[in-house]
1. Identify all residues within the range 113-142 that are crowded, with 23+ Cβ neighbours inside 10 Å and free of Cβ contacts under 8 Å to residues at least 24 places away in the same chain; write none if there are none.
2. Given the criterion over 30 Å from Leu153 (Cβ atoms) and part of a strand (DSSP E or B), identify the matching residue among Ala249, Ala240.
3. Looking for something in contact with a strand residue (DSSP E or B) (Cβ under 9 Å, 6 or more places away or on another chain) and among the acidic types (Asp, Glu) - is there at least one such residue anywhere in the range 273-280?
4. Which of the residues belonging to the range 275-306 are under 21 Å from the mean Cα position of the chain (by Cα) and at pLDDT 95 or above?
5. Take the range 52-65 and flag every residue that is under 18 Å from the mean Cα position of the chain (by Cα) and either under 16 Å from Lys110 (Cα atoms) or among the hydroxyl-bearing types (Ser, Thr, Tyr) (or both).
6. Specify which of the listed residues (Ala331, Ala314, Ala351) is in a helix (DSSP H, G or I) and either under 21 Å from the mean Cα position of the chain (by Cα) or exposed (fewer than 12 other Cβ atoms within 10 Å of the Cβ) (or both).
7. Scan the range 98-111 and tell me whether some residue there is under 20 Å from Glu208 (Cβ atoms) and modelled with pLDDT of 90 or more.
8. Within the range 110-131, which residues are among the acidic types (Asp, Glu) and farther than 17 Å from Leu52 by Cβ?
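The values are calculated or read from the model by the stated rules, or taken from the named source; none is laboratory data. This structure is a prediction, so every number in the text was calculated from the model and none was measured. Here the Cβ positions follow ideal geometry from the backbone for every residue, glycine too, while neighbour counts run over all protein chains shown.
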Amino acid sequence: MPANVGSRSPSPPAMHEALKAHAVLAGQPAGCGLATVVAVEGSSYRRPGARLVLTPAGQRIGSISGGCLEEDLLLHLGRVMASGQSRTLLYDTTEENDLVWGVGLGCHGKVTLLLERLDHVSPALAFAHDAAGVVRTGVVLATAYDAADPAGLGTFLGVAGDGRSWHPNLAEPVLDALRTPARAALDAGRSAWRRVPELPGQPSVFFEYIPPPPRLVILGAGDDARPLARFARELGWSVAVADPRAAFATPERFPAAATVQVVPPEQLAQRVPFDRHTYAVVMTHHYVHDLPYLKALLPLQLPYVGLLGPRKRAEKLLADLRNEGLALPPAWLTPLHAPVGLDLGGDTPEAVALSMLAEMQAHLQGRDGRPLRDRTRPIHG
C-alpha cells in the first residue's frame, strides 16, 4: 500500500494518461500490452496513472519513468502478452547500494505497476474516454493490484460525475465495496488507495481520478496564436480558436486546434462551449475586438482569463467596460491575468506563447511558477 493512502494525489496531467492510452489502443490490433503505474512511494519521475502501451509489433507508446525502467519493463510486459496473465511489478530504487535500481538512477522511490494484455479495446478506458473526453465530466476507475489471485487484478469499476457507471458482472457486495470509495474520490476530485478484501486475492485498489482535459479558447488568430495552439496541444490541452476575421480563422493556419471558427464577440457564449475546465486568452491585437470579447468572458467566471498586452491597455479596457455600465465584481476579476504570462523575456511569437502557456500550466497545477530550486516541498507534492 503506498504511503500516500487517503491523501491528496499530485495534480493530474493536462490530458490524462488514461485518455491517451485509449486513443492509442483504439488504433491497434488485439494483444497489446498495457503497463499502468498504480502506486508510488517516495520519489518517481512519473506518477500514478502513467501508462505505457506495447503493440504486438513491438512499438512502444508512452512511458512509466524517465527511460531508466522501460527496457526491463518491456521484457516483463512481453511475457504477460504471451501468457495473457496479468501481474503486478514492483521497482524499488531506494537502496543506495543497488547498482541496478538504486543510486545509479537517483529516483529513490518505489513504483508499482499493473501489467495486462488487452485482446480488445479496454471497456474501462473507453468508458473514461466517453465520460471525461466527450461528456467532459470527472471519472474514477477502480483498478486492483498486488492481489494474491491473478483473477483479482484489473479495473473493475468506473463511475462518472454524470451518474453513469461501468463494471463487469460483479456480485453486489463487491460492487458496494468499490462504489463508496470510488464516489468519495470522485467527489473529492483526487485519487485514493484502499485495500478491498471483497475482491479475489484481497488486493489494494487504485481509485484513479480522471478529470476532463483542460480546454484552451484562444480569441484571436494572429501569428502569435499559432505557436500557442501548437504548444498547448502538445501538453494535452484541447484547443479552440475563434476570431471575427475570416482571413485569420482558418483550419490551415491552426492544425493543432480542435475547432477554428469565425465568431463575432456578441456570439461568443452561444458558439463556443465553456465549462469550469476552460481557460481563455484574448489576443486579437485589436482594441475593438478585445473589448467585446472581454465583456463576454468575464461574466462566465472561468478559472482563468488571460489578456495580452500592457497593463495600461488592460486598465483602459476595464475602465471602458465600467463606463458601458458593466459591473465588475471581484469574482469576475480574480481570474483575469493581465498582462498574461510569466516574465520569461523574449518577443518572438514562440517566446510569447511559452510565457502565456507556462503561466496557464502553473495555474492549472496550483503552482506559482517559481524556480524548482526555490521549492522546499517535493517536486510532485
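1. Scanning the range 113-142 gives no hits.
2. Just a single option satisfies the conditions, and that option is Ala240.
3. Residues of the range 273-280 in contact with a strand residue (DSSP E or B) (Cβ under 9 Å, 6 or more places away or on another chain): 273-275, 277-280.
If we keep only those that are among the acidic types (Asp, Glu) too, we end up with 275.
For the range 273-280, residues in contact with a strand residue (DSSP E or B) (Cβ under 9 Å, 6 or more places away or on another chain) and among the acidic types (Asp, Glu): present.
4. Thr278, Tyr279, Ala280, Val281, Leu302, Pro303, Tyr304, Val305, Gly306
5. Ser63, Ile64, Ser65
6. Values: Ala314 fails: either under 21 Å from the mean Cα position of the chain (by Cα) or exposed (fewer than 12 other Cβ atoms within 10 Å of the Cβ) (or both); Ala351 fails: either under 21 Å from the mean Cα position of the chain (by Cα) or exposed (fewer than 12 other Cβ atoms within 10 Å of the Cβ) (or both).
Just one listed residue meets the conditions, Ala331.
7. Looking through the range 98-111, at least one residue is under 20 Å from Glu208 (Cβ atoms) and modelled with pLDDT of 90 or more.
8. Result: Asp119, Asp130.
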